[in-house]
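Let me begin by presenting the structure, written as structure tokens, before commenting on it.
The values are calculated or read from the model by the stated rules, or taken from the named source; none is laboratory data. If you're wondering where the values come from, they're calculated on a predicted model, not measured in any experiment. Cβ atoms come from the backbone with ideal geometry, glycine included; neighbour counts cover every protein chain shown.
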Amino acid sequence: MEKLKDLGNLCIDCKEDTSFGSGKFVNRIPADDGEVSGFMCADCQMVECDSCEQKVYEYATSEQGAWYCIDKCYKPETLVDIKTKFRDAQGMFESLLETYPDDEEIDLFSRKLNELFELMEGEND
Ligand SMILES: [Zn+2]
Ligand SMILES: [Zn+2]
């Protein structure tokens with residue numbers, strides 16, 4: 001493997017100085033692109049949001065590989081996933097209750113699940 005060319009304090013993208021006092025020190029991150037190593041300044045870490053097309057520093061990548069700004073456009077897909085799982089579980093408990101209408105444990109779990117579900121739904125408002 002070839003040794004990376006060390007750019008020191010330079011940003012590997014815009015090649016500007018990121019050392020302390022340069023104005024680009026804050027939020028720089030160590031970076032390499034396979035040929036050179038150095039840092040990447042905050043400006044060069046910014047990406048364009050695929051939804052609102054703003055240049056943003058804080059973004060998240062969707063499962064489809066799109067970039068969304070954290071501030072406005074990104075909806076955590078894990079939360080969506082959890083909600084789907086809750087709905088599935090809810091459905092399971094409902095069919096269990098139909099089969100065992102007098103089972104207290106199933107009834108209790110089902111009611112707790114519904115409470116949690118309502119809490120989660122409420123957070124969207
Ligand atoms: Zn840069
Ligand atoms: Zn956005």
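Pairs, please: C-beta under 7 Å, at least 6 apart or cross-chain, first residue touching a residue at least 40 places away in the same chain (Cβ under 8 Å) and in region 94-112, second aliphatic (A, V, I, L, M)?
Once the first residue is touching a residue at least 40 places away in the same chain (Cβ under 8 Å) and sits in region 94-112, no partner that is aliphatic (A, V, I, L, M) comes close enough.
Under 8 Å between Cβ atoms, which residue pairs at least 6 apart in sequence (or on different chains) link something in region 32-52 that is among the polar types (S, T, N, Q) with a partner that is in a loop (DSSP other than H, G, I, E, B) and within 16 Å of ligand 2 (Cβ to nearest atom)?
That search, which allows pairs on different chains as well, returns Q45/Y57; S51/A66; S51/K72; S51/C73.
Residues that are more than 16 Å from ligand 2 (Cβ to nearest atom), of a type in the set (G, A, S) and in contact (Cβ under 8 Å) with a residue 12 or more places away in the chain: does region 7-22 have at least one?
Yes: region 7-22 contains one or more residues that are more than 16 Å from ligand 2 (Cβ to nearest atom), of a type in the set (G, A, S) and in contact (Cβ under 8 Å) with a residue 12 or more places away in the chain.
Every residue in region 44-61 that is among the polar types (S, T, N, Q) and buried (at least 16 other Cβ atoms within 10 Å of the Cβ), please.
Q45 - this is the single residue of region 44-61 that is among the polar types (S, T, N, Q) and buried (at least 16 other Cβ atoms within 10 Å of the Cβ).
Does G65 count as within 30 Å of D6 (Cα to Cα) and either free of Cβ contacts under 8 Å to residues at least 40 places away in the same chain or in the same structural domain as L7 (by TED's automatic domain parsing) (or both)?
no
Say we look at region 4-26 and pick out the residues that are within 11 Å of ligand 1 (Cβ to nearest atom) and surrounded by fewer than 14 Cβ atoms within 10 Å (Cβ to Cβ); which of these is nearest to V47 (Cα to Cα)?
C14
What do you reckon, is S110 more than 16 Å from ligand 1 (Cβ to nearest atom), closer than 30 Å to K15 by Cα and either among the charged types (D, E, K, R) or in contact with a Phe, Trp or Tyr (Cβ under 9 Å, 6 or more places away or on another chain) (or both)?
The answer is no for S110.
Would you check which residues across region 46-104 are among the polar types (S, T, N, Q), more than 16 Å from the chain's Cα centre (by Cα) and within 30 Å of T18 (Cβ to Cβ) and list them?
Across region 46-104, the qualifying residue is only Q54.
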